[in-house]
Amino acid sequence: MTKWFYYIYIIAKNSFSEKKKIIFQMFNHVFFLVFNLYLYRHVYELVPSVADKLPYANAVWSMSMYFAVFWLGLNGIEKVFRQDILSGNVEIYMLRPISYIWQKILTQLGQGILPFISATVFSVSINYFVVGLPSMNISMPLWIMSLILIFLLSQILITFLYVLCGLSGFWLQNSESMYFVTSKLVMILGGAWVPIAFFPEFLQAIARFSPFGGAMALSFAMYPNFDAHFLSIILNIIFWIAIFAFITYFVSNKTNRKLAVNG
Amino acid sequence: MIEVKNLKKYFFHKNKKIVAVDDVSFSIKQGESVAFIGPNGAGKSTTIKMLTGIIWPTEGHISVLGISPQDNRKAVVSQVGVVFGQRSSLLPNLPPSDSLKLFGIMYGLNKKETESRIKYLEEQFDLTSFKDQPVRTLSLGQRMRVEIACSIIHNPKILFLDEPSIGLDIIAKKNLRETLAYLRKEHKMTIFLTSHDVGDIEAICDRTIVINHGKVVVDEPTNELYKLVDREKKMVMVGPSLEEVLTDLYKK
């Protein structure tokens with residue numbers, strides 16, 4: 001296990017050399033946070049009744065954590081697969097005694113860890129100082145522990161989702177269309193466009209029990225009544241992880257036979 | 001060490017069959033240094049990729065160190081080193097030692113083993129003069145030395161090289177050839193090389209397999225290839241070759 005952390009550390013060191021890029025990314029993130037705060041404030045003033053469904057502070061926290069998690073970059077793994085397949089670089093990763101998928105996951109984590117930590121610090125700090133902590137029905141320590149568990153599980157699920165999109169490239173040559181559909185479903189059912197608390201009841205259920213909503217369950221964990229759904233959210237994510245792990249294992253075993261790289 | 005029997009590889013493009021490798025057979029013993037050459041599109045790289053388990057043959061049998069790369073790719077790649085001259089495996093923003101460390105992790109070396117191998121490779125491959133420079137600032141020749149060092153961090157039994165001297169200047173090529181000759185002599189490493197550079201073949205390989213249109217057309221000791229050409233030598237070169245002259249000029 002330690003050696004994989006060391007692998008991630010070396011990749012992170014390589015990425016950290018591009019400091020200006022990370023600074024620019026964080027500038028973007030802060031801009032989104034501030035824009036988000038302003039936009040939600042405006043909507044809540046226009047339609048005060050929405051606060052009955054989701055308090056302003058919770059909506060802001062939900063959206064900002066959604067953006068912060070994306071900096072980890074596991075959703076970008078499909079793009080990396082696609083570039084490797086189209087350029088033929090996939091062959092150099094196949095020459096190593098660890099699996100191609102595992103190398104790519106570790107590399108994404110290495111590249112994303114610093115932007116993710118920075119984005120999380122910015123999100124938490126700005127939200128805390130501007131809107132305070134979100135109001136929750138459970139104690140803060142219990143909520144934070146639940147958040148960590150949901151974060152870890154949802155990141156495993158999101159990895160499987162996008163790895164499967166990327167693996168489809170071995171058959172489709174270009175997996176961009178798969179990525180487009182998946183990423184839009186994750187955005188909509190993960191609550192990036194409109195918080196799912198504002199969805200009709202049946203759509204909320206679809207969001208909570210679909211793999212796409214499950215992959216962004218961290219944003220649901222910012223809702224006041226999160227404790228009532230905690231168990232169902234966790235079980236849903238575990239269920240989809242098991243399904244996708246099986247499919248990934250099955251599909252990845254077939255990919256070697258599909259690989260054709262020119263000299 | 002390497003056994004290839006009746007190897008075939010077909011690709012299909014718009015229902016048209018493209019024959020990349022057509023019934024190739026050969027065997028290579030431990031410590032041999034073999035050039036696998038031919039014109040572009042002859043099937044050289046496809047064969048290397050099948051030998052290392054990257055792509056699957058359509059038909060035929062491959063055994064590398066007694067293992068089929070298709071049945072157990074990981075077992076094969078953990079005992080061989082591979083360098084593709086046209087692709088880089090290095091971390092661009094960090095010094096060569098970090099790429100070596102990353103390879104050490106991937107090949108399951110512990111910290112102590114990795115450090116000792118890095119120290120050894122830095123000395124043997126003359127990496128010390130640029131050991132603190134990020135890889136992106138190195139010359140192509142320096143990078144190729146680091147690539148080879150990375151590919152042998154785990155002290156493999158076989159080294160596959162696919163056009164390693166592509167793009168290198170004469171001095172970098174000379175250094176590369178000396179490095180490979182050293183690996184062969186001191187480490188008894190089996191070398192399987194594809195190259196379009198005749199100088200690489202003369203300097204490194206004692207056996208040459210020529211492939212064309214996917215078929216083996218010649219498999220002879222390198223120093224006996226001249227006998228295959230039915231032609232009298234009409235001119236005798238006196239003095240240094242053009243390559244030697246250019247090497248001296250570059251060094252000035």
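For (1) more than 14 Å from every other protein chain (Cβ to nearest Cβ); (2) part of a strand (DSSP E or B), each residue gets a yes or a no:
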site	(1), (2)
B:4	yes, yes
B:9	no, yes
B:18	no, yes
B:22	yes, yes
B:25	yes, yes
B:36	no, yes
B:40	no, no
B:45	no, no
B:50	no, no
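Taken together, the residues in the stretch B:87-103 that are facing chain A (nearest Cβ under 9 Å) and not charged (D, E, K, R) amount to 9. The residue list B:136, B:145, B:117 contains one member that is more than 17 Å from residue B:176 (Cα to Cα) and either modelled with pLDDT of 95 or more or away from chain A (no Cβ under 14 Å) (or both), which is B:117. Only one of the numbered conditions (1) within 15 Å of the chain's Cα centre (by Cα); (2) modelled with pLDDT of 90 or more; (3) within 28 Å of residue A:5 (Cβ to Cβ) is violated by residue B:87, and that is (2). Of the residues screened, residue A:162 is not one that is under 30 Å from residue B:9 (Cβ atoms), modelled with pLDDT of 90 or more and not charged (D, E, K, R). Answer yes or no as to whether residue B:145 is in contact (Cβ under 8 Å) with a residue 12 or more places away in the chain, crowded, with 20+ Cβ neighbours inside 10 Å and under 29 Å from residue A:15 (Cα atoms). Spelling it out, residue B:145 is indeed in contact (Cβ under 8 Å) with a residue 12 or more places away in the chain, crowded, with 20+ Cβ neighbours inside 10 Å and under 29 Å from residue A:15 (Cα atoms).
When residue B:25 is tested against (1) over 17 Å from residue B:211 (Cα atoms); (2) of a type in the set (S, T, N, Q); (3) in contact with a Leu (Cβ under 8 Å, 6 or more places away or on another chain), exactly one condition is not met: (1).
Screening the candidates A:56, A:40, A:44 for the property of being buried (at least 17 other Cβ atoms within 10 Å of the Cβ), among the aromatic types (Phe, Trp, Tyr) and touching a residue at least 24 places away in the same chain (Cβ under 8 Å) yields one hit, A:56. Among the residues of the stretch B:123-135, those that are surrounded by 13 or more Cβ atoms within 10 Å (Cβ to Cβ) and either farther than 23 Å from residue B:177 by Cβ or under 20 Å from the mean Cα position of the chain (by Cα) (or both) comprise B:124, B:125, B:126, B:127, B:133, B:134. Applying the condition of being among the β-branched types (Val, Ile, Thr), buried (at least 24 other Cβ atoms within 10 Å of the Cβ) and free of Cβ contacts under 8 Å to residues at least 40 places away in the same chain to the stretch B:52-76 and asking which residue is nearest to the other protein chains (Cβ to nearest Cβ) yields B:54. Test residue A:219 against the stated conditions and say whether it is within 14 Å of chain B (Cβ to nearest Cβ) and either part of a helix (DSSP H, G or I) or among the hydrophobic types (A, V, I, L, M, F, W, C) (or both). No; evaluated as a whole, the condition is false for this residue.
When the criteria are applied in full, residue B:89 meets the requirement of being within 30 Å of residue A:17 (Cβ to Cβ), of a type in the set (S, T, N, Q), touching a Phe, Trp or Tyr at 6+ places or on another chain (Cβ under 9 Å) and in contact (Cβ under 8 Å) with a residue 12 or more places away in the chain. Among residues of the stretch A:20-37 being free of Cβ contacts under 8 Å to residues at least 40 places away in the same chain and more than 14 Å from chain B (Cβ to nearest Cβ), the one that is surrounded by the most Cβ atoms within 10 Å (Cβ to Cβ) is A:36. Any idea which of A:219, A:183, A:175 is within 30 Å of residue A:91 (Cα to Cα), of a type in the set (Gly, Ala, Ser) and in contact with a Gly (Cβ under 8 Å, 6 or more places away or on another chain)? It is A:175.
A quick yes/no check of all residues on (1) modelled with pLDDT of 90 or more; (2) within 14 Å of chain B (Cβ to nearest Cβ):
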position: A:3; (1), (2): no, yes
position: A:9; (1), (2): yes, yes
position: A:13; (1), (2): yes, yes
position: A:18; (1), (2): no, yes
position: A:65; (1), (2): no, no
position: A:76; (1), (2): yes, no
position: A:89; (1), (2): no, yes
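Can you say whether residue A:103 is in contact with a helix residue (DSSP H, G or I) (Cβ under 6 Å, 6 or more places away or on another chain), surrounded by fewer than 21 Cβ atoms within 10 Å (Cβ to Cβ) and within 10 Å of chain B (Cβ to nearest Cβ), as far as the supplied structure shows? Judged against the criteria, residue A:103 is a match.
Here is the figure for the stretch A:189-215: residues that are assigned to a helix (DSSP H, G or I) and crowded, with 20+ Cβ neighbours inside 10 Å total 9.
The values are calculated or read from the model by the stated rules, or taken from the named source; none is laboratory data. Predicted model, so just to flag it, every value in this text is computed and none were measured. Using ideal geometry, Cβ is built from the backbone for each residue, glycine included, and neighbour counts are taken over all protein chains shown.
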